[in-house]
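The values are calculated or read from the model by the stated rules, or taken from the named source; none is laboratory data. Worth saying up front: this structure is predicted, and the values here are computed from it rather than measured. Neighbour counts run over all protein chains shown; Cβ positions are idealised from the backbone, glycine included. Quick note on the areas: whole protein, heavy atoms, side chains included, nothing else; ligands and nucleic acids left out. Shrake-Rupley method; radii C 1.70, N 1.55, O 1.52, S 1.80 Å.
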Amino acid sequence: MRFFFRSKQFKFILSTVIILLALSITFFLIGGRISPQADIFGTITAPFKAAVTKLSNSILDFTAAYTNGNEIMLENSELESEINSLREQLADYENVKNENEFYKNYLEIKDANPDFKFAHATLISKDTKDPYKGFVINKGSASDIAENDPVITDAGLVGYISEVGLTTAKVSTILSPDITLGALDNRTSDSGILSGSLEQAKEGNTRLYNLSRSCNVAIGDYVVTSGEGIFPEGLLIGTVQTIGSDEYNTSIFASVKPFADIENLREVMVITSFDGQGGLVVGKGE
């Protein structure tokens with residue numbers, strides 16, 4: 001309100017009110033001295049009195065409206081501030097809730113593997129030119145993340161850290177032929193080598209190859225890491241979709257659909273440490 005009293009609008013209103021008061025007093029004094037028989041003056045001044053009264057009431061109404069408007073504006077500003085504060089609290093609550101839910105999904109993995117150390121990371125960009133769905137996360141060596149660290153979700157294996165910076169790292173996924181790892185059928189223990197290919201990646205799959213022709217792998221079986229190479233034993237990879245044989249008909253391969261939804265990832269866990277860590281990548285795929 002202090003700004004209102006300093007404004008040009010207030011000075012104009014004040015000047016007008018003073019003039020109106022002067023006119024009202026003048027009309028009153030003159031009217032009081034004229035005899036009842038001299039109604040002609042009252043008749044002449046009546047329109048002016050009415051105009052003055054009307055203008056005075058309008059100014060008073062304007063002043064009240066202006067004052068009330070300022071009060072409403074202040075109230076609206078305070079309400080908007082409270083709403084923004086509540087929105088921030090709600091956003092914080094949702095973040096904490098989602099984070100708690102995220103960590104809760106890893107408790108079973110952590111309980112089964114007490115030697116695992118995790119670093120939670122969020123995707124910050126995807127390599128749109130990479131047919132194997134590689135991406136960048138918001139954590140790097142400053143968070144104890146190193147090259148070849150396995151990357152997972154609560155659903156299963158995603159890939160590994162292929163490049164690392166101080167605060168970011170690149171992840172190559174299990175759809176890529178640049179990654180090879182020992183894997184086995186969880187039901188039959190038949191083992192092979194898991195690696196991607198462009199053909200399989202187009203379907204969102206990877207491939208388990210070098211399976212023995214006498215293996216008992218079946219469609220629907222779970223495939224897990226065997227513990228060879230840079231990945232710990234027992235990480236879920238995916239399910240067998242199809243089974244075929246290589247061009248020389250000497251071995252069997254299986255198309256595997258990853259459990260992790262690599263196409264729609266938002267958050268991942270990097271396994272920064274586990275017992276037996278330090279093995280090398282088995283080799284390059286096709």
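Tabulated results
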read-out	value
In the range 159-178, the residues that are assigned to a loop (DSSP other than H, G, I, E, B), of a type outside the set (A, V, I, L, M) and open to solvent by less than 50 Å² (accessible area, probe 1.4 Å)	165, 176, 177
Any pair with Cβ under 7 angstrom, 6 or more apart, that starts in the range 119-133 at a residue that is assigned to a loop (DSSP other than H, G, I, E, B) and ends at one that is open to solvent by 40 Å² or more (accessible area, probe 1.4 Å)	131/198; 133/263
Pick from the range 78-96, criterion under 30 Å from residue 120 (Cα atoms) and of a type in the set (A, V, I, L, M, F, W, C), ranking: modelled with the highest pLDDT	86
Hits in the range 179-193 - residues which are β-branched (Val, Ile, Thr) and assigned to a loop (DSSP other than H, G, I, E, B)	179, 188
Filter result for the condition that a residue is of a type in the set (Phe, Trp, Tyr) and under 15 Å from residue 159 (Cα atoms), over 274, 231, 253	231
Residues of the range 201-214 classified as within 31 Å of the chain's Cα centre (by Cα) and open to solvent by less than 90 Å² (accessible area, probe 1.4 Å), total	4
Residue match in the range 151-161 (condition: over 16 Å from residue 235 (Cβ atoms) and either at pLDDT below 95 or in contact with a Lys or Arg (Cβ under 7 Å, 6 or more places away or on another chain) (or both))	no
Matching residues, the range 237-266, being modelled with pLDDT of 90 or more and open to solvent by 70 Å² or more (accessible area, probe 1.4 Å)	241, 242, 243, 257, 261, 263, 264, 266
